[in-house]
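The values are calculated or read from the model by the stated rules, or taken from the named source; none is laboratory data. Nothing here was measured: the structure is a model prediction, and the numbers come from that model. No Cβ is skipped: glycine too gets one built from the backbone with ideal geometry, and neighbour counts run over all protein chains shown.
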Amino acid sequence: MDQTEIQKKIQELQSLAEKSSVDIQSDLKRLQEKLSEGRVTPQDLWKRVLLARNSDRPTTLEVISHITEQFLELHGDRVFGDDPALVGGVGLMDGRPITFIGHQKGRNMKENIRRNYGWAHPEGYRKALRLAHEAEKFGRPLVTFIDTAGAYPGLAAEERGIGEAIARNLKEFALLKIPVICFILGEGGSGGAIGIAVGNEVFMLENSYYSVISPEGCASILMRDPSKAPEAAAQLKMQPQDLLSFGVIDGIIPEPPGGAHTDHAYTAANIKQQILESLKRLEQKTGEQLARERMTKFLAMGRFVEEEGSKQNFFQRLFGLNKKN
Amino acid sequence: MDQTEIQKKIQELQSLAEKSSVDIQSDLKRLQEKLSEGRVTPQDLWKRVLLARNSDRPTTLEVISHITEQFLELHGDRVFGDDPALVGGVGLMDGRPITFIGHQKGRNMKENIRRNYGWAHPEGYRKALRLAHEAEKFGRPLVTFIDTAGAYPGLAAEERGIGEAIARNLKEFALLKIPVICFILGEGGSGGAIGIAVGNEVFMLENSYYSVISPEGCASILMRDPSKAPEAAAQLKMQPQDLLSFGVIDGIIPEPPGGAHTDHAYTAANIKQQILESLKRLEQKTGEQLARERMTKFLAMGRFVEEEGSKQNFFQRLFGLNKKN
Amino acid sequence: MALFSNLLGRMFSGKKPAPTQVVPLKDERTFVAQKHSCPACHTHLDEGELERNLFVCPQCSHHFRITPVERIKFLSDPGTFQEFSSEVQTTNPIGFPGYEAKLNEAKAATGLADAILNGFVQIDGRKAIFSIMTFKFMGGSMGSVAGEKLTRALLTGIEKRLPVILFTTSGGMRMQEGIFSLMQMAKTSAAIAQMELSQIPLFVVLTDPTYGGVTASFAMLGDVIIAEPGASIGFAGPRVIESTIRQKLPEGFQKSEFLLQKGFIDAIVSRAELKKTLGFLIDTHMARLKVR
Amino acid sequence: MALFSNLLGRMFSGKKPAPTQVVPLKDERTFVAQKHSCPACHTHLDEGELERNLFVCPQCSHHFRITPVERIKFLSDPGTFQEFSSEVQTTNPIGFPGYEAKLNEAKAATGLADAILNGFVQIDGRKAIFSIMTFKFMGGSMGSVAGEKLTRALLTGIEKRLPVILFTTSGGMRMQEGIFSLMQMAKTSAAIAQMELSQIPLFVVLTDPTYGGVTASFAMLGDVIIAEPGASIGFAGPRVIESTIRQKLPEGFQKSEFLLQKGFIDAIVSRAELKKTLGFLIDTHMARLKVR
Ligand SMILES: [Zn+2]
Ligand SMILES: [Zn+2]
């Protein structure tokens, strides 16, 4: 976020001053601090991590209900069960059919027990894949919402092959001949997140994060002190601006000044606008192009060094560009 | 079996007289009776049902070990478990790779507890489908061995969707772009049997049966007396000659005179010969032809009457033959 | 069968058939047997009121079994139903003793030729194909005719690029047709495989009860599978399972809600919502086909 | 990295490279730490005898962890290994504090550039590609380099129509590379998707231990998945799970035998049988490709 953007936010916030909740006030203060310092501190970043985890943030089903006229949740993996922590279905958005899938957190303790706090089991990922294939069969775009601390690290999840379920999704999503658009709504936690995030375009909400490991996990492994999570969060570079600068994501969805939880409708409207924009681009392409571009995009992920010229040669050779022999 | 065949069998049996076990003697007697009467009685048929269930008959893994030089059993459905009652793997037969799947019964109580008497659970059918797709991917023919009283009628099988698992196999087997050759080894019990029996060519061993319901089940439902199973077996027309005359199967594999259990090697050799013959025919065809012929074959199953000409018109219309408009 | 006009014959001649006059089948409900009270909550019910409520108990939402004609009435636009494939008629393929007599009994009792009825319909203006089973005809058992008619419904969907909606209810395969009845599982599934290639949507509505070979074939092969609330759905029947495992089955076993939790159906939809849901499914699944 | 010749560079120039001289890595086994006794059965073992037995305990069949070089020795024809893609080298993509130091330490300890080694090999005369991970290099953690090299192994298999055999061992993704390391899961899986389209076979050999993002990507995507006996394989580590479910894990949890029973691996193959099995798998999976 550059200075002008922050300036703009502050103005927005001030115009919202009448509704001023404690949240907005504290956010305002935080942003002003950022502006004065010229750069954010680990503590600033940490507030955004907490914002990403705020239990009042819009959930998958809420976003869907905001952006569709009609939606039918479709259940089940057809082999073992239906996972309430990873939901999906088909909806009409401005009259156009779209398949949605996403992690689903609860709003309160009771809901969260049912939703397992958005930690999905293998059957959730298998349902997601089933619905993705259903979307492909009928030529519908797929929109996914990522909001999980991770895949569930439990005995039953291991027994039923959580690794296999995520792995299969990664492979099969690469092949889908439809537009796939992904949004990190809040927490984008590791394998559990990427299991439904192999998209042609991937976006993050302004206060979301997306990371290979939770900051707490990183802090306890590398610093042997989970309370150093804020430092780890900063070191992991897991926030939208970081990932955008790495070229790992394609854009950042603005949240209302106080955070997404202060205005679900506004947040959802921004998401809807992005879906429409992305579809305008992606629907120009054939299914084969979409799959190929998605695959090529992920094949190019990673940073390393190598001897002069060899990488280019390698990919040239494999993808038939400038073929010599 | 016509008269000459029966005559031939009696000669074979007599030449085996030195090894004469009680089995052979009784079979001899049975066949001589058949010959003298000119037709079989329900009691004759019932003996063959018992022969189909004989626990010394060659099992799937035994047949495979007889007909392959090398075989690797491949396990698991990749979602829930590995079913010891329905096995499969890849083997080399005369140096040519073939995928095998089949129900597996035990030889004794201990083995049968492990194999659940050849009553498979959903994970067995899902493993079968996985291996069938693996065979298709690598262009190997698929050979299946059917030997089950039925899919397991238990709580866990229902919970994990035994109906779904069989249904999916029926659909997916219809689409396989490889030769699929099926053998009813012993019991061909209802949905549990047909779940791996959608083949381009289907054969029955001489003393096997293939039926929509067990004779006991039929007797207890229709005659309210399970002891009337022999009568029901005769009424159900479930034996090789019946099914061959109906056009439901493609041939009968001869067993040694006393039954398949008296000579596994001989039985297996006959099966192998049939596989080689069938492959000679089927490997002439493209994958698309194989799938189309298999599908058309099963689409034509059933007997009904209808108004003059309409059936022909219906299929002509659908399969584009003699298209008028 | 004289009850329904033979549409298919007319289709061949190219003439557009008039909407068919449908006549209600005899009552399929448990209502009468229960002396005018709901079998689930025992509330006394008035038959007229019950019918106005689509044969759903206003007290406890128990969904009574209904006839194909009632399904047509509740779920399609008035006057749009046009039967087809009624020319397919039952024979005794393996010469099973007593089968003809049983068939005649069932025909007399229901006015139907067999356990399934096909027709073109419109759902709030959207064209579709219905294939509807009835439990009253020999327990909805599936023989050659049901298999053929279902197959024709599916293949007609491919030919005319129309979504197909199957309503299942069955005790299983019809044992009087021996191996031919078993083959209907493979036959109908092969037709669905053909649909898969053509990307024509298949919607299945599971109704009470759906068992046996029907559950182990087309009932579980819908692109979307809906169940009516409280329907019993399974492969093996509860008594068979109890005698196998030698213990009582848990409460709610094999009910729609159980199947939803176990991951085998997409949604449970009440009869009152079903027409709207089917229309929505057509809209969301036919968009690409319409563009072409 | 100077240890292994840069094959890829030579491939581009069209020259046929000579077989590479390989030098053993430092010991990856728990053997030394256990004072020359088997950690499973505590039998005293002689190192020479153990090596002759492929580092499998002769008493209890415990499979010791071995180095990539030992795998090459035990599983491929002598002198046929030719490394490729060694030019891909690690950087510090997100500027993670202390990462360089850790890398240098691991390089010094193992003589390898990162946790994975690619090469062409022959197995009883059959050509194949090996991609071998080592736990000794930062716990076999998967960063950009491991992902890139694995991807090159897979894509080279497509290009040259050679079967690819992956040997996995990993504690998970390399957190020091942040999001780039997470992306390797999608990257390697996309390469396998590409293989799927090309119908080139991928065989995975799971070795002790294989965890985290590796298990949730390429490790579970083999056409055939083999495990060494007694290997620990899972997504979440046992301590994480115990702290989640607050109870002790059952005996044998996440071992090869557990995965076989749960349906996630095709077979458990002892080290002594592995070369023969891989040869057999190549024969049965490459037949069609050879015909073309
Ligand atoms: Zn009631
Ligand atoms: Zn030992």
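Look through C:F218, C:F235, C:F167 and report the one residue that is touching a residue at least 24 places away in the same chain (Cβ under 8 Å) and touching a Gly at 6+ places or on another chain (Cβ under 8 Å).
C:F235 is the lone residue from the list that is touching a residue at least 24 places away in the same chain (Cβ under 8 Å) and touching a Gly at 6+ places or on another chain (Cβ under 8 Å).
Which members of the stretch A:175-202 meet the condition of being over 16 Å from D:K187 (Cα atoms) and among the hydroxyl-bearing types (S, T, Y)?
Correct list: empty.
A:E158 passes all but one of (1) within 26 Å of A:G91 (Cα to Cα); (2) touching a Gly at 6+ places or on another chain (Cβ under 6 Å); which number fails?
Status for A:E158: all satisfied but (1).
Of the residues in the stretch D:234-247, how many are facing chain A (nearest Cβ under 8 Å) and not in a loop (DSSP other than H, G, I, E, B)?
Adding up the residues that qualify gives 4.
What are the pairs with Cβ atoms under 8 angstrom where one residue, in the stretch D:47-59, is closer than 13 Å to D:E70 by Cα and within 13 Å of ligand 2 (Cβ to nearest atom) and the other, located anywhere, is of a type in the set (S, T, Y) and assigned to a loop (DSSP other than H, G, I, E, B)? Sequence gap at least six, or different chains.
Taking only residues 6 or more apart or on different chains, the pairs are D:V56/D:S270.
Identify all residues within the stretch A:81-107 that are assigned to a loop (DSSP other than H, G, I, E, B) and within 12 Å of chain C (Cβ to nearest Cβ); write none if there are none.
Result: A:G81, A:D82, A:D83, A:P84, A:G95.
Can you find, within the stretch C:254-263, the residue that is nearest to the other protein chains (Cβ to nearest Cβ) among those that are out of contact with any Phe, Trp or Tyr (no Cβ under 8 Å at 6 or more places or on another chain) and crowded, with 23+ Cβ neighbours inside 10 Å?
My answer is C:Q254.
Looking at A:H133, is it touching a residue at least 24 places away in the same chain (Cβ under 8 Å), within 19 Å of A:I194 (Cβ to Cβ) and surrounded by fewer than 20 Cβ atoms within 10 Å (Cβ to Cβ)?
Working: touching a residue at least 24 places away in the same chain (Cβ under 8 Å): yes; within 19 Å of A:I194 (Cβ to Cβ): yes; surrounded by fewer than 20 Cβ atoms within 10 Å (Cβ to Cβ): yes.
Considered against the rule, which asks whether it is touching a residue at least 24 places away in the same chain (Cβ under 8 Å), within 19 Å of A:I194 (Cβ to Cβ) and surrounded by fewer than 20 Cβ atoms within 10 Å (Cβ to Cβ), A:H133 comes out as yes.
How many residues are away from chain C (no Cβ under 13 Å) and either outside any helix (DSSP H, G or I) or of a type in the set (A, V, I, L, M, F, W, C) (or both) if we restrict to the stretch A:47-80? First the steps, then the outcome.
Step one: list which residues in the stretch A:47-80 are away from chain C (no Cβ under 13 Å), which gives A:47-67.
With either outside any helix (DSSP H, G or I) or of a type in the set (A, V, I, L, M, F, W, C) (or both) added as a condition, the list becomes A:49-59, A:61, A:63-64, A:67.
Counting residues in the stretch A:47-80 that are away from chain C (no Cβ under 13 Å) and either outside any helix (DSSP H, G or I) or of a type in the set (A, V, I, L, M, F, W, C) (or both) gives 15.
Scan (1) over 14 Å from the mean Cα position of the chain (by Cα); (2) surrounded by 19 or more Cβ atoms within 10 Å (Cβ to Cβ); (3) polar (S, T, N, Q) for the single condition C:S61 breaks and write down its number.
(2)
Determine if the stretch C:5-20 includes at least one residue that is among the small types (G, A, S), away from ligand 2 (no atom under 16 Å from the Cβ), modelled with pLDDT of 50 or more and within 21 Å of C:L112 (Cα to Cα).
Checked against the condition, which is being among the small types (G, A, S), away from ligand 2 (no atom under 16 Å from the Cβ), modelled with pLDDT of 50 or more and within 21 Å of C:L112 (Cα to Cα), the stretch C:5-20 yields no hits at all.
Kindly provide the set of residues from the stretch A:205-223 that are hydroxyl-bearing (S, T, Y) and either facing chain D (nearest Cβ under 10 Å) or under 26 Å from A:A260 (Cβ atoms) (or both), ordered by number. First the steps, then the outcome.
Let us first name the residues in the stretch A:205-223 that are hydroxyl-bearing (S, T, Y), namely A:208-211, A:214, A:220.
If the condition is that a residue be hydroxyl-bearing (S, T, Y) and either facing chain D (nearest Cβ under 10 Å) or under 26 Å from A:A260 (Cβ atoms) (or both), then A:S208, A:Y209, A:Y210, A:S211, A:S214 are the ones that fit.
Only one residue in B:K137, B:K171 is charged (D, E, K, R) and either within 14 Å of chain D (Cβ to nearest Cβ) or under 21 Å from D:F264 (Cβ atoms) (or both), so which one is that?
B:K137
Just to verify a result, which residue in the stretch C:35-49, among those that are closer than 19 Å to C:R271 by Cα and near ligand 1 (Cβ under 10 Å from one of its atoms), is farthest from the other protein chains (Cβ to nearest Cβ)?
Restricting to residues being closer than 19 Å to C:R271 by Cα and near ligand 1 (Cβ under 10 Å from one of its atoms), the top hit is C:L45.
With respect to A:I194, determine if the residue is more than 14 Å from chain C (Cβ to nearest Cβ) and free of Cβ contacts under 8 Å to residues at least 12 places away in the same chain.
Answer is no for this residue.
Just to be sure, is D:L75 more than 12 Å from ligand 2 (Cβ to nearest atom), at positive phi and more than 14 Å from chain A (Cβ to nearest Cβ)?
For D:L75, the condition - more than 12 Å from ligand 2 (Cβ to nearest atom), at positive phi and more than 14 Å from chain A (Cβ to nearest Cβ) - is not met.
Looking at the stretch C:195-221, which of its residues are over 27 Å from B:C218 (Cα atoms), more than 10 Å from chain B (Cβ to nearest Cβ) and not hydroxyl-bearing (S, T, Y)?
Selection gives C:Q199, C:I200, C:P201, C:L202, C:F203, C:V204, C:V205.
Evaluate the stretch C:128-150: report whether one residue or more is surrounded by fewer than 21 Cβ atoms within 10 Å (Cβ to Cβ), modelled with pLDDT of 95 or more and of a type in the set (D, E, K, R).
No: zero hits.
Does A:Q273 satisfy the criteria of being over 20 Å from D:S189 (Cβ atoms) and away from every other protein chain (no Cβ under 14 Å)?
Spelling it out, A:Q273 is indeed over 20 Å from D:S189 (Cβ atoms) and away from every other protein chain (no Cβ under 14 Å).
To keep it simple, each residue is scored yes or no on (1) of a type in the set (V, I, T); (2) away from chain A (no Cβ under 13 Å); (3) touching a strand residue (DSSP E or B) at 6+ places or on another chain (Cβ under 8 Å); (4) in a loop (DSSP other than H, G, I, E, B).
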residue: C:I226; (1), (2), (3), (4): yes, no, yes, no
residue: C:L249; (1), (2), (3), (4): no, yes, no, yes
residue: C:G252; (1), (2), (3), (4): no, yes, no, yes
residue: C:I265; (1), (2), (3), (4): yes, no, yes, yes
residue: C:E273; (1), (2), (3), (4): no, no, no, no
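Which of the residues spanning the stretch C:169-183 are within 11 Å of another protein chain (Cβ to nearest Cβ) and of a type outside the set (D, E, K, R)?
C:G171, C:G172, C:M173, C:M175, C:Q176, C:G178, C:I179, C:F180, C:S181, C:L182, C:M183
Between a first residue in the stretch C:141-162 that is more than 8 Å from chain B (Cβ to nearest Cβ) and under 13 Å from C:G119 (Cβ atoms) and a second residue that is charged (D, E, K, R) and surrounded by fewer than 24 Cβ atoms within 10 Å (Cβ to Cβ), which pairs have beta carbons less than 7 Å apart while being 6 or more apart in sequence or on different chains?
Here the result reads C:L162/C:K127, each pair linking the stretch C:141-162 to a residue that is charged (D, E, K, R) and surrounded by fewer than 24 Cβ atoms within 10 Å (Cβ to Cβ).
How about the stretch B:138-160: which of its residues are assigned to a helix (DSSP H, G or I) and surrounded by 24 or more Cβ atoms within 10 Å (Cβ to Cβ)?
B:A157, B:E158
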